[in-house]
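Structure record follows, encoded as structure tokens.
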Amino acid sequence: MNHRWKWLLAAACLGATGCGETVARGDVQVTLSGGDGTQRGYADHLFQDQWSVQFSKYLVSLGDFTLTSASGDVRASQEHVLVDVQKGDVPLTALTGLEAGRWNVDFRVSPPEARTVAGPSVSAEDLAMMRERGFSYYVEGRAQHRDPTRGLYTFRMGFPVHARMVDCINGVDGTQGIVVPENSVAEAEVTIHAEHMFYDRLGTHRGVQLRFEAIAATADANRVITPEGLASQDLLDLHGLDGGTLTDAQGQPVVYQPGAYDLRTLQAFVTQSIVDQAHLNGGGVCTVAAP
């Protein structure tokens, strides 16, 4: 081989990975968790109005977990699942053979589709119900005030969320996305923060209080709380269990603050409050985009 062809071959090898050089690669394991909130509930000392909440079912419908590298390489899972995070953490998917380095993370929260697979502990009836009603989240459970004379309330509430969670921050170290390690596995946990549905203000985490009495006041004669009941509670005229104006411990009217959102009912408020409850690796927030 003459010198010219040797030089051309060497130049080609500098721009390729097939001439003795290899690209470091690793894997990503994706799981879904509701943490202690969905599994153990929330004690009454966490609520401004002294209610406690426990879930018996917490269904989440999501999928299309996608990773994008700095060079624009995209790796995605086509899976869409309906799982019950009240029963524990659930493995979602694995993406293997990824180039080691930093990848952006996004995924989609949306109602069940024809391709949606029901996870462990999810019934065919629940899957059909959520598909028919357009729910991405559905919860069942019970709530009780610290004062036992107020009785026990149960809830069956579904929420029609359609959102793409993008540009997720890693809750472990506060950096963008995740880092795929060489010859190892990175953990990507979609973490559900169930306390969002009890927030009394939107657009900020500062000064937020957890409240339940406005929700309890929408219950029917059997003390069952439903989406239809939530829709009957006017944000500008909140009523309490006695039918009068909802007040706090100091006797002042309770005010829910919707921020920049034009919301009229408690049902709309709670739905909006849980749109961004899916985080990455604990407390890492994601940007909400159109689905």
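Structure notes:
- Only one of the numbered conditions (1) in a loop (DSSP other than H, G, I, E, B); (2) within 28 Å of the chain's Cα centre (by Cα) is not met by Ala249, and that is (2).
- Candidates Thr116, Thr93, Thr154, Thr149: the one that is of a type in the set (Ser, Thr, Tyr) and farther than 25 Å from Thr38 by Cβ is Thr149.
- When Leu127, Leu92 are checked against the criterion of being part of a helix (DSSP H, G or I) and aliphatic (A, V, I, L, M), a single residue qualifies: Leu127.
- Scanning region 240-268 for residues that are hydrophobic (A, V, I, L, M, F, W, C) and closer than 30 Å to Asn104 by Cα gives a single hit, Ala260.
- Residue check, Ala260 more than 17 Å from the chain's Cα centre (by Cα) and free of Cβ contacts under 8 Å to residues at least 40 places away in the same chain: no
- When residues of region 150-167 are limited to those that are within 12 Å of the chain's Cα centre (by Cα) and part of a loop (DSSP other than H, G, I, E, B), the one farthest from Pro291 (Cα to Cα): Val161
- Whether a residue is in contact with a strand residue (DSSP E or B) (Cβ under 7 Å, 6 or more places away or on another chain), of a type in the set (Lys, Arg) and closer than 30 Å to Ala214 by Cα was assessed, and Arg133 passes this test.
- Filter result for Asp276 (among the charged types (D, E, K, R), in a loop (DSSP other than H, G, I, E, B) and touching a residue at least 60 places away in the same chain (Cβ under 8 Å)): yes
- Failed criterion for Phe198 (all others in (1) surrounded by 21 or more Cβ atoms within 10 Å (Cβ to Cβ); (2) over 22 Å from the mean Cα position of the chain (by Cα) hold): (2)
- Subset of region 90-114 that is surrounded by fewer than 16 Cβ atoms within 10 Å (Cβ to Cβ) and within 20 Å of the chain's Cα centre (by Cα) - its residue that is nearest to Leu67 (Cα to Cα): Ala94
- Options Asp220, Asp167, Asp237, Asp173; residue that is of a type outside the set (S, T, N, Q), under 30 Å from Thr68 (Cβ atoms) and free of Cβ contacts under 8 Å to residues at least 40 places away in the same chain: Asp173
- Tally of residues being touching a helix residue (DSSP H, G or I) at 6+ places or on another chain (Cβ under 8 Å), more than 11 Å from Gln144 (Cβ to Cβ) and not in a strand (DSSP E or B) across region 47-62: 1
- The residue list Gly151, Gly207 contains one member that is at pLDDT below 95, surrounded by fewer than 19 Cβ atoms within 10 Å (Cβ to Cβ) and within 19 Å of Tyr256 (Cβ to Cβ), which is Gly207.
- Within region 32-65, being surrounded by fewer than 18 Cβ atoms within 10 Å (Cβ to Cβ) and either modelled with pLDDT under 95 or touching a Leu at 6+ places or on another chain (Cβ under 9 Å) (or both) holds for Gly35, Asp36, Leu46, Gln48, Ser52.
- Selection from region 182-238 of residues that are outside any helix (DSSP H, G or I), in contact with a Phe, Trp or Tyr (Cβ under 9 Å, 6 or more places away or on another chain) and among the aliphatic types (A, V, I, L, M): Ala186, Ala188, Val190, Ile192, Leu202, Val208, Leu210, Ala219, Val224, Ile225, Leu235, Leu238
- Exactly one residue among Val139, Val83 is out of contact with any Lys or Arg (no Cβ under 9 Å at 6 or more places or on another chain), crowded, with 20+ Cβ neighbours inside 10 Å and either of a type in the set (S, T, N, Q) or not in a loop (DSSP other than H, G, I, E, B) (or both), and that residue is Val83.
The values are calculated or read from the model by the stated rules, or taken from the named source; none is laboratory data. Keep in mind that this is a model prediction, so the values were computed, not measured. Here Cβ is always computed from backbone atoms with ideal geometry, including for glycine, and neighbour counts include all displayed protein chains.
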